[in-house]
Amino acid sequence: MRHLLVIGIFSLLPFSLLAQRNVKGTVTSATSGETLPGVNIRLLGTDQGTVTDINGSFSLVVERDSAQLQFSFLGFKTFTTLVGSRSVIDVQLEDDTQQLDEIVVVGYGTQKKSDLTGSVARVKGSELTKIPSSSPLQGLQGKVAGVQISNAGGAPGAGAVIRVRGVGTFNNSNPIFVVDGVILDNIDFLNAADIEAMDVLKDASATAIYGSRGANGVIIVTTKRAKKGQVAPTINFSADYSIQKLQKRIALLDGREFATVANELRPGSYNNIDLVPNTDWQDLIFKDGLEAPILNAQLSATGASDKGQYYLGAGYFKHEGIIPKSQFERLTVKFNNSYQLSSRLQLGTNITLTPFKAQNTNNNVVFIAYRAWPVLEPYNADGSFAEIPGTGNPLADIEYTNSFNQGLRSIGNTYFTLDLIEGLQFKSSYGIEVDYSSSESFTPEFFVSPQQQNPLSRLNKGFYNRLSWLWENTLSYQKEIGLHRLDALAGFTAQKSTSEFVNLPALSLVRDTPDFWYINPNNINPNEVGNGVDGSNYFSMLSQLFRVNYSFNNRYLLTATLRRDGSSKFPTTNRFALFPAVAVGWNIINEAFMSPYEAITNLKLKASWGVIGNDKIPYDRQYSLVGNGINAVFGPEDAIIPGQTYSSAGNPDLRWESTEQFNAGVEMAFWENTLSAELEFFRKITYDILINLPIPGYYGNGSGASITTNSAEVLNQGLEFNLGYRNSIGDLNYSVGVLGNTLHNEVLKVRGTNGDDDFLTNGAGTTRSSVGLPIGAFYGYEVDGVFQNQSDLDAYPHRSDAFPGDLRFVDTNEDGQITDADRTYIGSPIPSLLYAFNLGAEYKGWDVAIDFQGQRGNDIYNIKETIRPDLYNYEQHVANRWTGENTSNTEPRASQGGYNYLPSSFFVQSGSFFRLRNITLGYSLPEGMTNRLKAQQVRFFVSGTNVFTLSPFTGYNPEILGDPINSGIDLGGYPFSAMYSTGIRVTF
Amino acid sequence: MKTSNIRKKLTLSLAILGLVSCKDFLELPPQGQITQSNFPTSAEDALLATNAIYNTLRFNEFHFGLFPIMDIMSDDAHKGSNPSDGAATVGPYDTFTHISTEGNISRWWNALYQGVQRANVVIENVPDITMDEDLRDRYVAEAKFLRAFFYFDLVRAWGDVPIITTTLPVTDAERSSKALVYELIHEDLEEAIANLPEKSEYPIADLGRATKGAAKALRARVYLFQGNFPEAARWAQEVINSGQYDLFENFADANSEAGEHGIESVFEVGAFGQEGLENGGNQYGNVQGVRGTPNRGWGFNRPSLDLMNSFETDDPRMEATVIFLGEELDGILIAGDSQTPDETTDEDGNLVEIECYNQKVWTPGSTVPPSFGHNRRFIRYADVLLMAAESLNETGNVPLALDYLNEVRERARGGNNALLPDITETDQALLRDIIFEERRHELAMEGHRFWDLVRTNRANSILGPLGFVSGKHELLPIPQIELDLTGNRWPQNPQWE
């Protein structure tokens, strides 16, 4: 097919040799004056053209004076000129910052967007810094079609959860990150201000170069560095300050309402419901405004000479949470530099150092406050914490929880590139990632109530270290012959990750103050000491990679990629696997036949296919293990006697999980690129999914035991769209963008078969992933009303524990009775549509940007409402409960637990939402004033983040991503806050 | 740059590209853990693997799934704790409204099969280890005793259950008939009896391990459940005649801390007074411990008024079975829980429940940790005597039955001859009822009552008013999750479908 195409093209080469003459000239940059090699020059109305040589010179044959030459070059504004009678045409191209984005980073290299055959989306660093967050990923939300980003809770320092093109695995479905050539699982520790851009690689062709690592997508992070020729140092300073407010409160019963319900359940509990206290626990545990500030400041310097370039950045971030005592603090230091040792040899290093400290960020108090009785005062008359039955006192929980986590995250790499012969370059890069952290949690001896007390003070110390190194050696070759452009890459990489943790528990410390939080022989509890490797960060890997990009005449593009990976996580026999991908592209816009359609300024088709692997399972899943510390107690002294026995079952037949993906897309632009559109279709089938299949109890591995097997298959399919319009009216520049994607997620196999019994349930029994339904689909009874009276109850099939006022379950199998077999699909945690609107405008010094985002089609299982071993407070809707015939057909009678709290559609809520993610208003001082300040740019801004979220969900935040079979289940984590910021950015 | 120079560099680069492709780089064995293929292979391993089976006996799930549902399902006890705690999860067992998805059922099932697997590790591998033969046989015998012990719970609670005798079970196991399960139990116990030492033959530090006496006593209990009275009588009498056991003078010591591993203990599991399985703790006592002040636990499994009223006048065993509010135990005043009504009445104002706790799990102390130190007694000598009495009465040896029965009563009266007079009844049917009542009072709150009612066909008449449905509630439902995980191949128990 491809050959035919090429031959066809050659045969169409024109023979137009009429009144010809030679035109020559030099192209330079208008700003730097440097000559520009590689500029595309096109003779408009024909398919003829050329590129400038190494000195920026060109020469071209034209036929007539009326011919027009179009000069285009990445990063510069396209310039068109009439030849006229000139024979020398020197051109100065102006910078186009917008166009600069048109280079994208692909694995082990960069590509012009027009040459790209895969699916890659780029987000500039300036977008990432808009959101006051410690994680640069927060800024990615709503910026890339096909990517779902959810807040991992609102705790200080919390990161984000990312899904690229759906959920293709039951395993870890996070993408990988490549930062300055180092492959990482997490980039929450990076300072967004140090990031130049993020490139999200989505399809198989783009990710195939990362082979086994890329099945869930690859996000390449490019950190800032100086641009060549930027001789004068540039200093950037920015600082912003934000205040927070709980974005949404959960509507719960007040004291009087709760007392009414309690009286129904236990008559006589409250004699006068008008006299009970009304404690709003949410008011008591949350703070806001100036009491919950976020401070973010950074300073950086960049500069370059012909011999080298540097970027030096330092940042400080502090986030005080909306729950007292929770906070996160971080320093970031970034140093990127490179040296030109000779005309052929370049050397560089990139280093990131991030010391951090977090306190009480995993707080359980939110769930406690959600359930605490509102009829009780928080304090006793003597000022001590009052007993709150069932849950304990939320304020005491805050008081007695002291949990710290601190450490150092660092990545660094050193590389050199050597130009061997023209176009052939060798690069070797050695990178390390380091994670050293320690945690300590201390609970003093205290007594609030019999159920909330700690008889012996307790200290837990944890020490963790992880070191991962990655050595990559690549040979790349670039060659242009006539209209053929070839870019080839071959490489070899080796990686090893080692890790170790130590947990040291102690009891009965001599003093409660932090000065005494140390372990010694008198307080250590040897039975709980733990030491081992971190199973998900202990592995080694060897890979070989190959890629060829070929383009003919800027029109016909081909990419072929092959990677061979070997992973220590698989048994010897199944260790290595090959991951191939091919992609083609057609820049139709460069075809001669497009000349008449001047309104169309870009038109490109592309398609790709490939297979990518995944090995994100703990390192030892192939082995059946023997557990330590399985002790017996014998003798009159109750002595603890060591024991060991089988603990977990491994699978010696494990093999690679693989994802086959097909991608097809079209890129269009109209009217000088004022309107641009990209559409892409993807279809991904992940097979041999490594799944922890729960095994029957009779296997003897205990409650909740599972074994890892390659036995599931999942389909993700969708359409991505990204539309942009930018234009100007006088001094007003404005832009509008719409992007998003649809998603269809469907389980094709779970246990290697596709029968009715082919399903996987989660531990709580609230989800069932079965053939034909989305992964992690909610599962339970379908509710279609409330039994109004005894005769109503008698008229329908019902369980023996149902009474008038209880929920009516649907007899889905129509066997005349309600049994477990009537449980059915009641909702999906996966959105069918993700979307975002972005608006921007600039007028003189003013700029405004508004980002909306949302999703539709997903559900949330409100499990926090159903866990009721005891009497707890209720959500507000319980006030509308059934209290007698025809009082409600939707809200059951009050009950403390049991029947009405079985998994059912009653607890499934829509997770659709629409959010004003960010609105920013900025003002830049005019040039005259900045000159007086000796600054290049001074900008002030105010912004609001998470200003509002419209959602029918009753909980704090409708974004609840968990592992695939426990996603969308709300347990009431640290809530989400709205943030209002003000800040300044100065460039000298 | 000269061409040769370039060539050199090119060669170097290619060399680097191909470097490090050694296989060993990708071999990363488990760290700090042995793999199952290498364990147990030595005498030390054999001991470790045997010890680990006993660990199962301290699982909180092992004790009826965490909450003592077998007592709660009987007429001896109510749910306990405060009215709301566990109302939806544990409460249903009190009224026979429990369902197949409730967690206790699957936790207990899983714990028992985990015990079976740990026993299988020893039974399958230890015989091949080159080591002291007596010791080797003892380890295997301990494992067989424990495997029988686990299967006996399984077959009583669920009836037909899969028989697993290897560490690599088949993937399509079916439920085997009760008869086959009992057959396995007897085979295991026979071998255990042959190779286990008597209690006195163990070093004192090994108390708590399976003994010949324990295996014989368990065999008697199993036969009793099968209605094979001659065999039950035989094995119970072998225990009695072994001379290894006797009754404590003081009834309370049969379950107290002072009586741990004492003369009356036939089989018990040791526990250290600290929370956490790894710390030697056993939550069995904590789940039932006094709630409130002192805070000793959760207060589940509350003795019923019916039980208290059933005791003969002034039977000292009632005081030793029930902790009442206001009572002082080991110098600690029992004040109870502020969220639990001292007295609960029904709609007609009749007293139906009082706040009280199970004294048989009491451990001295006023804080939580010691409550994890209660050694649960699985088989004690008084039970063996009563099993002998019951089975001898059934086989027609009334005089000997009366001897054993009166031995228990004599101890119970604690030296006060005005109480609990000797039984002289010789009518088999009447004596049967008397022995049965004696079992209730002697063994109350120790997890026997429900099963005793079922095996003697009394469950329907006695538990019927509480919600028991004949033909259904004799067995627990197979956990729904197990039916799901086995592809809904297995039939559910009758009337639980």
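Data for the structure
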| read-out | value |
| --- | --- |
| 20 Å Cα-Cα threshold exceeded, pairs from A:Lys318/A:Lys357; A:Lys143/A:Lys616; B:Lys144/B:Lys212; A:Lys143/A:Lys334 | A:Lys143/A:Lys616; A:Lys143/A:Lys334 |
| Table column - 3J(HN,Hα) (Hz), segment A:371-380, Karplus curve with 6.51, -1.76, 1.60, x for Gly and Pro | 9, 5, 5, x, 8, 10, 6, x, 10, 6 |
| Estimated distance in nm for a label pair at B:Gln495 and B:Thr35, the labels positioned 7 Å out from Cα along Cα-to-Cβ | 5.1 nm |
| Within 10 Å of each Cβ in B:170-182, the average number of Cβ atoms from other chains | 1 |
| Of all DSSP beta bridges in the protein assembly as shown, antiparallel share, percent nearest 5 | 95 percent |
| Residues in segment B:325-345 reached by a label modelled at B:Leu305 [backbone nitrogen below 11 Å; 7 Å Cα→Cβ] | B:343-345 |
| Mean Cα-pair separation over length for segment B:132-237, i.e. relative contact order, pairs under 8 Å, 6 or more apart, % | 27 percent |
| Cubic angstrom per residue, convex hull over Cα atoms of segment A:506-616 | 225 Å³ |
| Computed FRET value (nearest 0.05) for B:Asn250 with B:Leu333, which takes r as the C-beta separation and R₀ as 22 Å | 0.50 |
| Helix-only CD estimate at 222 nm, as mean residue ellipticity for chain B, using -39500 (n - 2.57) per DSSP H run (n ≥ 4) | -13500 deg cm²/dmol |
| Contact order relative to length of chain A, as percent, for alpha carbon pairs under 8 angstrom and 6 or more apart | 10 percent |
| 18 Å cut-off, amide nitrogen to a point 7 angstrom out along A:Ser728 Cα→Cβ, residues in segment A:51-91 | A:75-80 |
| Angstrom value of the Kirkwood radius, inverse mean 1/r, which spans all Cα pairs in the protein assembly as shown | 36.4 Å |
| Other protein chain Cβ atoms within 10 Å, averaged over every residue that makes up A:480-493 | 1 |
| Sequence-distant aspartates and glutamates (8 or more away, or on other chains) whose Cα lies within less than 18 Å of A:Lys479 | A:Asp53, A:Asp115, A:Asp419, A:Glu422, A:Asp487 |
| 22 Å Cα-Cα reach of B:Lys360 towards lysines, excluding residues that sit fewer than 8 places from it in its own chain | B:Lys79 |
| R0 of 41 Å, Cβ-Cβ distance A:Leu347-A:Asn186: FRET efficiency to nearest 0.05 | 0.90 |
| Hits among aspartates and glutamates - C-alpha to C-alpha of A:Lys77 under 14 Å, sequence gap 8 or more where chains match | A:Glu94, A:Asp95, A:Asp96, A:Asp101, A:Glu102, A:Glu672 |
| Chain B, relative contact order in percent, only Cα pairs under 8 angstrom and at least six apart counted | 18 percent |
| Protection proxy ranking, peptides A:212-225, B:363-376, average beta carbon neighbours within 10 Å, highest first | A:212-225, B:363-376 |
| Cβ-placed point charges (K, R +1; D, E -1), dipole of the protein assembly as shown about Cα centre in debye, nearest 20 | 9300 debye |
| Semi-axis lengths, Å, segment B:345-497, gyration tensor of Cα atoms, sqrt of 5 times eigenvalues | 33, 25, 19 |
| Translational diffusion of segment B:268-413, µm² s⁻¹ [Kirkwood Rh, Cα pairs; Stokes-Einstein; 4 °C; 1.567 mPa s] | 76 µm²/s |
| Between segment A:331-362 and segment B:28-94, the alpha-carbon center distance in angstrom | 51 Å |
| For chain B, the Rg and Dmax computed from alpha carbons only, in angstrom | 26.7, 118 |
| Table column - 3J(HN,Hα) (Hz), segment A:406-411, Karplus curve with 6.51, -1.76, 1.60, x for Gly and Pro | 9, x, 9, 10, 8, 10 |
| Gap separating the Cα centres of segment A:776-794 and segment A:394-431, nearest whole Å | 53 Å |
| Peptide ranges A:695-702, B:61-68, A:841-848 listed from the most packed, as the mean C-beta count within 10 angstrom indicates | B:61-68, A:695-702, A:841-848 |
| Computed label-point distance, nm, for sites A:Val333 and B:Glu347 using a 7 Å Cα→Cβ extension | 7.6 nm |
| Pairs beyond 32 Å (Cα-Cα), from A:Lys112/A:Lys245; A:Lys124/A:Lys307; A:Lys124/A:Lys461; A:Lys248/A:Lys606; A:Lys227/A:Lys427 | A:Lys112/A:Lys245; A:Lys124/A:Lys461; A:Lys248/A:Lys606 |
| Amide hydrogen neighbours beyond the local backbone of A:Ser832, cut-off 5 Å, H modeled | A:Arg856, A:Gly857, A:Asn858 |
| Normalised per residue, the volume of the convex hull around the Cα set of segment A:18-98 (Å³) | 81 Å³ |
| Antiparallel %, DSSP beta bridges [both residues in segment A:18-98], to 5 | 85 percent |
| Degrees, to the nearest 10: A:2-11 long Cα axis against longest axis of chain A | 30 degrees |
| Dipole magnitude (debye, nearest 20) for segment A:18-98, charges at Cβ of Lys, Arg, Asp, Glu | 280 debye |
| Folded to 0 to 90 degrees: helix A:255-265 orientation relative to chain A principal axis, Cα | 50 degrees |
| Stretch gain in nm, segment A:Val666-A:Phe463, where the contour uses 0.36 nm per residue and the Cα spacing is subtracted | 68.0 nm |
| Average beta carbon contacts from partner chains per residue of A:449-457, 10 Å cutoff | 5 |
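Quick note: the coordinates plus some simple rules give every number you see, no bench work behind them. For clarity, every value in this text was computed on a predicted model and none was experimentally measured. Quick reminder, even Gly has a Cβ in these numbers, built from the backbone with ideal geometry, and neighbours come from all protein chains shown.
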